[in-house]
1. Return yes when S77 is modelled with pLDDT under 95 and surrounded by 15 or more Cβ atoms within 10 Å (Cβ to Cβ) and no when it is not.
2. For the stretch 89-108, which positions are in a loop (DSSP other than H, G, I, E, B) and either over 12 Å from the mean Cα position of the chain (by Cα) or not aliphatic (A, V, I, L, M) (or both)?
3. Which members of the stretch 72-93 meet the condition of being over 15 Å from G52 (Cα atoms) and free of Cβ contacts under 8 Å to residues at least 40 places away in the same chain?
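The values are calculated or read from the model by the stated rules, or taken from the named source; none is laboratory data. All values derive from a computational prediction rather than experimental measurement. Neighbour counts are summed over all protein chains in view; Cβ atoms, including those assigned to glycine, are modelled from backbone coordinates with ideal geometry. In case anyone asks, the SASA skips ligands and DNA or RNA and just uses the protein heavy atoms, side chains included. Shrake-Rupley method; radii C 1.70, N 1.55, O 1.52, S 1.80 Å.
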Amino acid sequence: MKKFFPLALIVLYVSCIRNEPILPEIGREKCAHCSMSIVDLRFHSQLLTEKGRRYYFDSIECLRAYEKTNSLPVRSSWVADFEHPKKMIVASEAVYVRSSEIRSPMGQGMLSFSSKERAEIFLKNRAGEIIP
């Protein structure tokens, strides 16, 4: 029984980790990649590791760069829905747009939408493109 107690505690801890996005405190939370304060939720993104560590990013660009340079086992990652900044989308399901008319925190104009239709409507009268 003593051998199973530590394992049971680990299982309990991991099962208690919230596997959903948690909005950062605006202006207080720092980007894990560039250390800028997160001030605009329209571009916010985050990831949750298998161990339950949560990382916040001020932009999609920072999330992508962080994932390329760090080989963390990721449980989930999310990006903000540009049209509804307090709503997060699973990063692998989001549709990404790059537009020179939008000023994102890192200057690349990357934003995300919940569907291809919403992204196309956004781009209808703007310069930009849907990106993979």
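1. Values: modelled with pLDDT under 95: no; surrounded by 15 or more Cβ atoms within 10 Å (Cβ to Cβ): yes.
Answer is no for this residue.
2. Of the stretch 89-108, the ones in a loop (DSSP other than H, G, I, E, B) are 94, 99-108.
Of everything in the stretch 89-108, those that are in a loop (DSSP other than H, G, I, E, B) and either over 12 Å from the mean Cα position of the chain (by Cα) or not aliphatic (A, V, I, L, M) (or both) turn out to be S99, S100, E101, I102, R103, S104, P105, M106, G107, Q108.
3. Step one: list which residues in the stretch 72-93 are over 15 Å from G52 (Cα atoms), which gives 79-93.
Correct list: V79, A80, D81, E83, H84, K87, I89, V90, S92, E93.
So that you can scan it fast, the table gives a plain yes or no per residue for (1) within 16 Å of I131 (Cβ to Cβ); (2) open to solvent by 90 Å² or more (accessible area, probe 1.4 Å); (3) at pLDDT below 95:
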residue	(1), (2), (3)
F5	no, yes, yes
Y13	no, yes, yes
P24	no, no, yes
A32	no, no, no
D58	no, no, no
I89	yes, no, no
R98	yes, no, no
M106	yes, no, yes
S115	yes, no, no
